[in-house]
Amino acid sequence: MIIKEPEKFFSKSYVVCLGAIICCLLWGSAFPCVKIGYKLFAVDTESIPSLMLFAGMRFSLAGILVIVFGCITQKKFLLPKAKNLWRIGLVSVFQTIAQYSFFYIGLAHTAGVKASVLNGLGVFFTIISACFIFRTEKFNLIKLLGCILGFGGIVLINIGGDFSFTFSLLGEGFVIFSGLSSAIAAGLVKIFSKYENTTALCGYQFFFGGIVLIILGLSLGGKINGVSVGAVFMLLYLAFLSACAFTLQGFLLKYNPVSKVAVFKSTNPLFGAVFSAIILGESEQLLSWFTLLALVLVCLGIFIINKFGEKRIKIEKSG
């Protein structure tokens, strides 16, 4: 299907809503699918090199898909400018190598439902880094309120039903580090996209980051012990969801205000928790009152930040 007027099409409210929800559904499905991928490929979840190897396979393939898509849509071979290779490398360090090393290791050592809620912390890291590190926007009381609600949800999900605080560095800690790395990467992408085609920047950082993870995993003794048709299809799906969600979100962001699209990311923790509950059989944890309340707090905090944060700034300026 060829869209003759992409700006008009992608700026329609129902297209923005549907497209953004599809992105969140894809990202949410990654939590249980990664865990299933561990089983299908017989990945030793206690072996960090093996986890890095598995992550590298996924994201190098995702990078290829993004680059191919970019070549097709732009009707030319997509190559980054030589002077921007260092920018791609720096983004790759935080976006793919660090973020997903932390994410894959953390997800292997904590429940999918819990990881999906903890992953929502990355949105707040992004807001804080944008305001205080990269200085691309201003901090205000509404954003502070959103952060407080989000952090409240993070604390609550760790307290547990019996109010016992369960936390491990390799589990919950690494999932949080993944969110922090993602926030830094988001700031870098926003700045570096001024100098390089966004599709090329993100596609090649995925590819190079994935290759680095594969090399590190193999050199440190990582192994993939089982390869089957089901395992290959799962790997393809994981790569596809990253490539598809990224490219679709790119079109939405190109033709709409960032806040209009970003507000839907409040559903990421919810979809991740629901998919984990259904696919991994973690419904008992999902349906417990503390997990549901944590999800509400995290989603409400993200919603408030994305929906009202910038509006408050505009009101203050006009006054």
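The values are calculated or read from the model by the stated rules, or taken from the named source; none is laboratory data. All values reported here derive from a predicted model rather than from experimental measurement. Methodologically, a virtual Cβ is constructed for each residue, glycine included, from the backbone with ideal geometry; neighbour enumeration extends over all protein chains shown. Surface accessibility is based on the protein's heavy atoms, side chains included, excluding ligands, DNA and RNA. Shrake-Rupley method; radii C 1.70, N 1.55, O 1.52, S 1.80 Å.
The C-beta contact set for region 58-76 (first residue under 20 Å from residue 215 (Cα atoms), second residue open to solvent by less than 70 Å² (accessible area, probe 1.4 Å) and of a type in the set (Phe, Trp, Tyr), distance under 6 angstrom, 6+ apart or interchain) comprises 59/206; 60/207; 62/206; 63/206; 63/207.
Evaluate region 227-234: report whether one residue or more is more than 27 Å from residue 55 (Cα to Cα), in a helix (DSSP H, G or I) and at pLDDT 80 or above.
no
Scanning region 48-76 for residues that are of a type in the set (Lys, Arg) and under 16 Å from the mean Cα position of the chain (by Cα) gives a single hit, 58. For region 143-155, taking the residues that are surrounded by fewer than 23 Cβ atoms within 10 Å (Cβ to Cβ) and at pLDDT 75 or above, the one that is farthest from residue 299 (Cα to Cα) is identified as 144.
Note on region 156-173: residues that are exposed (fewer than 12 other Cβ atoms within 10 Å of the Cβ), modelled with pLDDT under 75 and of a type outside the set (D, E, K, R) total 4. Candidates 114, 138: the one that is over 19 Å from the mean Cα position of the chain (by Cα) and among the basic types (Lys, Arg) is 138.
Restricting to region 129-142, give me the number of residues that are part of a helix (DSSP H, G or I), at pLDDT 75 or above and buried (at least 16 other Cβ atoms within 10 Å of the Cβ).
3
Under the condition of being in contact (Cβ under 8 Å) with a residue 40 or more places away in the chain, farther than 19 Å from residue 242 by Cβ and not in a helix (DSSP H, G or I), the residues counted in region 191-226 number 8. Helices (runs of 4 or more DSSP H) fully within region 1-99 that include at least 2 residues being of a type outside the set (Gly, Ala, Ser), over 20 Å from residue 255 (Cα atoms) and open to solvent by 10 Å² or more (accessible area, probe 1.4 Å): 13-40, 48-74, 85-92. Would you confirm, using the coordinates I've provided, whether residue 133 is out of contact with any Pro (no Cβ under 6 Å at 6 or more places or on another chain), closer than 24 Å to residue 196 by Cα and aliphatic (A, V, I, L, M)? Yes.
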